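To keep things clear, I will list the structure first and then write my remarks on it.
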Protein chains: 4
Amino acid sequence: MLGTGLIGLFYTRTLHRQRSRDLVHVVYSRSEDRARAFAEAEGVAEWTTDLEEAVAHPATDTVIVGLPNHLHEETIEVCARHGKAVLCTKPLARTGAEAKRVLDTVERAGVFGGYLEDLAYTPKTLKALQLVRSGSIGDVTWARSRETHPGPHSAWFWDAKQAGGGPIVDLGCHCIEIVRNFIGKDNRPLEVMCWADTLVHPIEAEDNAIALIRFESGAIGQFEVSWTFRGGMDLRDEVAGTEGTIWLDHFLRTGFEAFSSGAGGDYVAEKSESASGWLFPVGDEVSELGYVDMFTDMFDAMDAGRAPMETFYDGYVVNAIIDACYRSAESRQWEPVELADWRGAGVERIARARREHDGKTVIKEEKMPDGRLKLILKDESTGEFVDVVANAAPVT
Amino acid sequence: MLGTGLIGLFYTRTLHRQRSRDLVHVVYSRSEDRARAFAEAEGVAEWTTDLEEAVAHPATDTVIVGLPNHLHEETIEVCARHGKAVLCTKPLARTGAEAKRVLDTVERAGVFGGYLEDLAYTPKTLKALQLVRSGSIGDVTWARSRETHPGPHSAWFWDAKQAGGGPIVDLGCHCIEIVRNFIGKDNRPLEVMCWADTLVHPIEAEDNAIALIRFESGAIGQFEVSWTFRGGMDLRDEVAGTEGTIWLDHFLRTGFEAFSSGAGGDYVAEKSESASGWLFPVGDEVSELGYVDMFTDMFDAMDAGRAPMETFYDGYVVNAIIDACYRSAESRQWEPVELADWRGAGVERIARARREHDGKTVIKEEKMPDGRLKLILKDESTGEFVDVVANAAPVT
Amino acid sequence: MLGTGLIGLFYTRTLHRQRSRDLVHVVYSRSEDRARAFAEAEGVAEWTTDLEEAVAHPATDTVIVGLPNHLHEETIEVCARHGKAVLCTKPLARTGAEAKRVLDTVERAGVFGGYLEDLAYTPKTLKALQLVRSGSIGDVTWARSRETHPGPHSAWFWDAKQAGGGPIVDLGCHCIEIVRNFIGKDNRPLEVMCWADTLVHPIEAEDNAIALIRFESGAIGQFEVSWTFRGGMDLRDEVAGTEGTIWLDHFLRTGFEAFSSGAGGDYVAEKSESASGWLFPVGDEVSELGYVDMFTDMFDAMDAGRAPMETFYDGYVVNAIIDACYRSAESRQWEPVELADWRGAGVERIARARREHDGKTVIKEEKMPDGRLKLILKDESTGEFVDVVANAAPVT
Amino acid sequence: MLGTGLIGLFYTRTLHRQRSRDLVHVVYSRSEDRARAFAEAEGVAEWTTDLEEAVAHPATDTVIVGLPNHLHEETIEVCARHGKAVLCTKPLARTGAEAKRVLDTVERAGVFGGYLEDLAYTPKTLKALQLVRSGSIGDVTWARSRETHPGPHSAWFWDAKQAGGGPIVDLGCHCIEIVRNFIGKDNRPLEVMCWADTLVHPIEAEDNAIALIRFESGAIGQFEVSWTFRGGMDLRDEVAGTEGTIWLDHFLRTGFEAFSSGAGGDYVAEKSESASGWLFPVGDEVSELGYVDMFTDMFDAMDAGRAPMETFYDGYVVNAIIDACYRSAESRQWEPVELADWRGAGVERIARARREHDGKTVIKEEKMPDGRLKLILKDESTGEFVDVVANAAPVT
């Protein structure tokens, strides 16, 4: 385990719980104090302030990179050199070019590379993906992912040089991969339109952004990220398709509601803003945020010799889309997603079978307040639209 | 009452309920059958197929225009000529230019012009506006309005020539005005970025669109409209501010949930797709959709000689923004909102007081899982960001 | 309008809004200050401290009684003597015997008596009753009404002598009538089991109670009332039937959610406990609480010469059930509802058609995780139960 | 693993997932076909139709009993005889007497006994218990647990002789233990009032029941169980305390909502009634239902030589309360909970510090719509209650 910040803590606790076979043996931090304290608190056998030592350690078969973004590339090079499997926290890199180099490094070395995109692995997302793949909502037309909170918990996130940007990098990377999973990984992201602004915080990076991602099938991805949201951590996804829709709330409205006068005063949930009034705790945070299923998939994939659901290639695509977001925010127009290395199979344009009634195209049928069935028909020869009230007349 | 379609029916029923002082005396439809049937069913004293007769009728002191979009301009001219107050359904016109002529007509004639934008008047919206204006959520940074359903209920909506467009016109007009109310009517809409596509229905107009509207204060408006949503009518608004957030659900999750095996089989709510399974009825549709408060404001405004909350000028601004949406969907870049006639007072850029701790800028404070308070500080002289763990240390 | 407390205020504001034809002409309070202040603030033409003068006033055709419970009987006698229609706030009286005398007084005098049970008239309740009556949820088996909050807002409520009891009287009267509406007014309430205790407040009356009401059809009513609930005003109803279920939330989760840091600091909603954190305002309180539809029904009924939905007879039945609650809380067993005057038509026992499969009774059919259909059958001759896996086999 | 029904399947899948150290080695079913099929499908090494063989098997260090209720006692005797740790599914037995014999058997043999009450272990329940124990909601005054669905999935449940009763046994056992956890296991359950009826299904056992459980502290437990609920599986818990409240929804409203036209047609969740319309899937069912945390606690407890959170003693208390429920349903009055063996520490009566204002007892303080603070005070010498409007006056 490289890194002893909040993410390293969440990862380690996830691995050490629920009678897992997989344990953290060595923890690295550049600070001796933090390394030692972390090892003691979390029951990790050894600690070190020498990154290469941690990687090379004989008890290490897999390295988990939980370091700030600007350290990913060099760290992964060390792992590759030592032939160790590497699992890297999100985002893979600060730019598409950096991500491509990381991807190449790992693939050249032939080591396992897992992209730790936890929010693609939440139990709700996995079940929702199953629904989408089973055809329950038809062709996906739109996927929205929203991730907003009052701002990150470590100083380096706020420094655009170390982080590579603001919430587009920090949170947008989650949203993009959620959107890609719902819209389909074979569906090429073609171009991006992005708005970004620094509205509230005294920083250089953006603190709010919205982006649209247009895919090959015509489907549109949408994400909203913010470091100025008040009220906790808002993680919601919505998917619309030709046959249905899916709404996911991962954090604020999950069937767990509490009111407290403030007595007690305990920790409620990550980024919650208060311990009194109406509170919305989360049952098992690391499970609900996808950490449990993510590591299961990673280790199962290694054992089975298959690729995990989220690979370094996915991390690269995410970074390429982020690059397009920043270019678009600057150019103020749609910008192409530059993917020199596109591996998707390609998909068809969204389509729906045309239905006929009396030789005309059925545009819509609707039940009126009085119970009658109304059809809206288009006469393709004249281009005219007409209403027909058909009492449950059959449509073929 | 001009028009006997769904909107004319909703308007009339709204006026005739709850012991109101205001009644519909004459109804007009170009179809004799519909005019007569409507008058009988709704208890309207007189009906006619002659529009000018209905307007000129001595019992008519106010004309309500519930006709398709392409007939608004000529109808309002008739009302102005006869010196009658006129309340026009949304959108005011098909384009900004048409809306400007309508506005000029009414202002020149000196008659009362009310813009029937019902969704700005829903009880929840009115209460939420009160919260916003009282400062409860601070400066508004973002307002999202989403209006999607499976498609409109009359043939003319689907014909781009008569309607002036697809859901951008039909539903976007609501969203834009909701956004303007939350962000502030003195806050000038500067430019628009819009995506539109025809994904599912066999029509020329768009059936899905998303737009961003950038305002003078830096605040961003966002709307999503669709005629391909499955699951009923999704009317949701979200507002974020520097001190809070507001979420409104007007139709699908209002504290009214029902499951039915399908027995009974009654009308549930406008655009609901089924009468079995889990259903989400709305208590009092015309009230929840704002019709009641809208007409109250209109008639109270007339009685008091003041402007209503929603005027023809607002309708004109909405149409100008819609124009920019269509231009942007075409040009694929941000397009200015062209408002030859801007009457807003103007607003300041969103700002937040800078707070200091130990001579550094406070970027964020957060309670950690272990209860400690963490401050993120920026040293403005060096540009560096640091974490400080301060146990409830005072911040000034 | 007799009374200038919170209820008098809500009633008057309800009557004076939304362009109503019905206005309050005279207001009475025993305090001159309050009468004058109320009249001025609410635009009431005249005020008096002489109750009989207010009733007898020529402008008064209907008297609205908004006084504490112990004053209802004598006040209604005055109204009856003067031949005025009388609308009385809930509960009708403190006991069933008192309620019966009030009922008799009004019926003997032949004046209109309306029971102001607002929560039977909320828009959601009215729509839900429509669903129930249309058969959407089949035969009602269970109706739960929960009304809890941190305690009432006037001193007299807390005094058992004036109020007739604690929350069983104050809130239970609402719950009982909601339950009766859902289960059916022809369905005789047979007996009651009630638990009551004084857990938190330093008072003599109960501050928490739960009761079960068994009806003739076998259906069970359930209510929970409390003056110690923290978190606002919790008004929820649930109904279960053989074909479906209905869940209503009138106050805390109505599709209106807000978070505020506390800036602004406005009034949020009746009995809300805070103005910061997550808040759950209600759009239009007097409408959502049923006041609007209640007065509409009352005045429409008077105009039409019909009985309103809620009559003094209903008030009497409610008091009789409350009496049984107190007796049961004391005796610790089921107590009969004593209704010397029962006017319901009577109903059948809940029943469901028996279905057969292979000559056996079908107890249940269920779709298993693997998609197969499982039938549970009972052999009536042997009394044995068996599972049968039937792949979509027809059941008749 | 003894038993190959739905519960055996859920248990096995829970144990075999998420990289667990603990595996099922032998499965027993009295049917050879089911034993073999189960072993193959779930990757269990060995199967047998000889129960004692499965228990005695050298690879078996822990026996999991997933058999019908009437087989628990004899099976656990076999386990005790062979000195194997035993985990028994809920309910422990059919009656308190039977449960006591089971408890004695295990304690005499000195083997580990874990009571598999999964719903006490859901992630939400565990987090909520943490909130309660930290004092966030003060003293618990009321806990409600509701478990209703359209009826169980195996024939033996419906046979009162094998099951020991209807939903009071099947579902009430969950509710009782949830209630006990929230109200506190040292808080002695004193007496029970229960209503039960067979309203819909053609069976001898009850299909609906409601019970109240009065505890030593004055707190009241409440449960509602039904085999006739329509709309899926309704698992909700509510807890009220002197300082707050907690609402849990485990199954139907968990932040996962989907609408489907019916395309696809997949399995949605346990006991869901449809695959079209609005659906409420659950992310990870076995985790959300508590299976994961339950087995973790059981095996961790065995490893650590401590008692698990849910012991056979708890199972015995649950059965004693169920006995009282059936007695009360029969006698129609409160019935004592007969606990010959009570091991709880005992608790104090719920109490709240009395506060004073001007020498009077403060009953309540409330913010009025106009912003003023209203105090309700009781003069203990006269017994009178008065309202005082105090503008933010300090209360001590």
> Do we find that D:Glu74 is farther than 14 Å from D:Gly114 by Cα, of a type in the set (D, E, K, R), surrounded by fewer than 23 Cβ atoms within 10 Å (Cβ to Cβ) and within 27 Å of the chain's Cα centre (by Cα) in this structure?
Replying inline: yes
> Looking at (1) buried (at least 23 other Cβ atoms within 10 Å of the Cβ); (2) among the aromatic types (Phe, Trp, Tyr); (3) more than 14 Å from A:Phe312 (Cα to Cα), can you tell me which one A:Trp156 breaks?
Replying inline: (1)
> Which one of these is in contact with a strand residue (DSSP E or B) (Cβ under 9 Å, 6 or more places away or on another chain) and surrounded by fewer than 24 Cβ atoms within 10 Å (Cβ to Cβ): B:Leu190, B:Leu171, B:Leu235?
Replying inline: B:Leu190
>> For the list (1) buried (at least 20 other Cβ atoms within 10 Å of the Cβ); (2) modelled with pLDDT of 90 or more; (3) in contact with a Gly (Cβ under 8 Å, 6 or more places away or on another chain), I need the number of the one condition that D:Phe259 fails.
In response: (2)
> If you go through the stretch C:125-184, how many residues are within 12 Å of the chain's Cα centre (by Cα), small (Gly, Ala, Ser) and more than 20 Å from C:Leu212 (Cα to Cα)?
Replying inline: 0
>> Any residue that is within 23 Å of D:Val292 (Cα to Cα) and of a type in the set (Ser, Thr, Tyr) - is there at least one of those in the stretch A:295-308?
In response: yes
>> As an exercise: evaluate B:Thr75 against (1) more than 14 Å from chain C (Cβ to nearest Cβ); (2) β-branched (Val, Ile, Thr); (3) in contact with a helix residue (DSSP H, G or I) (Cβ under 6 Å, 6 or more places away or on another chain) and give the number of the one condition it does not meet.
In response: (3)
>> Of the conditions (1) within 14 Å of chain A (Cβ to nearest Cβ); (2) surrounded by 22 or more Cβ atoms within 10 Å (Cβ to Cβ), D:His149 satisfies every one except a single condition; which number is it?
In response: (1)
> Could you give every pair whose Cβ atoms fall below 7 Å, whose first residue belongs to the stretch B:138-151 and is at positive phi, and whose second residue is among the basic types (Lys, Arg) and outside any loop (DSSP other than H, G, I, E, B), counting only separations of at least 6 or pairs across chains?
Replying inline: B:Gly151/A:Lys364
> Of the conditions (1) within 23 Å of A:Arg144 (Cα to Cα); (2) within 14 Å of chain D (Cβ to nearest Cβ), B:Ala209 fails just one. Which one is it?
Replying inline: (2)
> Among the residues of the stretch C:209-223, is any touching a Phe, Trp or Tyr at 6+ places or on another chain (Cβ under 9 Å), surrounded by 24 or more Cβ atoms within 10 Å (Cβ to Cβ) and over 18 Å from C:Glu177 (Cα atoms)?
Replying inline: no
>> Among the listed residues A:Arg188, A:Arg230, identify the single one that is among the basic types (Lys, Arg) and in contact with a Ser or Thr (Cβ under 6 Å, 6 or more places away or on another chain).
In response: A:Arg230
>> Kindly evaluate C:Gly244 against the criterion of being within 14 Å of chain A (Cβ to nearest Cβ), modelled with pLDDT under 95 and out of contact with any helix residue (DSSP H, G or I) (no Cβ under 6 Å at 6 or more places or on another chain).
In response: no
>> Being touching a strand residue (DSSP E or B) at 6+ places or on another chain (Cβ under 6 Å), surrounded by 21 or more Cβ atoms within 10 Å (Cβ to Cβ) and among the β-branched types (Val, Ile, Thr) is true for just one of D:Val65, D:Val111, D:Val24. Which residue is that?
In response: D:Val65
> Among D:Pro123, D:Pro68, D:Pro150, which is the only one that is in contact with a helix residue (DSSP H, G or I) (Cβ under 7 Å, 6 or more places away or on another chain), under 25 Å from C:Phe385 (Cβ atoms) and of a type outside the set (A, V, I, L, M)?
Replying inline: D:Pro68
> What's the number of the condition C:Asp358 fails, among (1) away from chain D (no Cβ under 13 Å); (2) at pLDDT below 80; (3) in contact with a strand residue (DSSP E or B) (Cβ under 8 Å, 6 or more places away or on another chain)?
Replying inline: (2)
>> Checking the conditions here, which among A:Glu191, A:Glu177, A:Glu147, A:Glu206 is over 30 Å from A:Gly244 (Cβ atoms) and among the acidic types (Asp, Glu)?
In response: A:Glu206
>> Exactly one condition in (1) farther than 18 Å from B:Thr311 by Cα; (2) polar (S, T, N, Q); (3) surrounded by 20 or more Cβ atoms within 10 Å (Cβ to Cβ) is false for B:Thr48; which is it?
In response: (3)
> Given the residues C:Ala56, C:Ala97, C:Ala37, which is the only one that is surrounded by fewer than 21 Cβ atoms within 10 Å (Cβ to Cβ), within 14 Å of another protein chain (Cβ to nearest Cβ) and modelled with pLDDT of 95 or more?
Replying inline: C:Ala37
> Is it the case that the stretch D:45-53 has a residue that's closer than 29 Å to D:Lys161 by Cα, away from chain A (no Cβ under 14 Å), touching a strand residue (DSSP E or B) at 6+ places or on another chain (Cβ under 7 Å) and not β-branched (Val, Ile, Thr)?
Replying inline: yes
> Is the stretch C:271-283 home to any residue that is small (Gly, Ala, Ser), closer than 30 Å to D:Thr245 by Cα and away from chain A (no Cβ under 14 Å)?
Replying inline: yes
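The values are calculated or read from the model by the stated rules, or taken from the named source; none is laboratory data. Since the model is a prediction, treat every value here as computed from it, not as a measurement. Cβ sites come from the backbone with ideal geometry, for glycine too, and all protein chains shown count toward neighbours.
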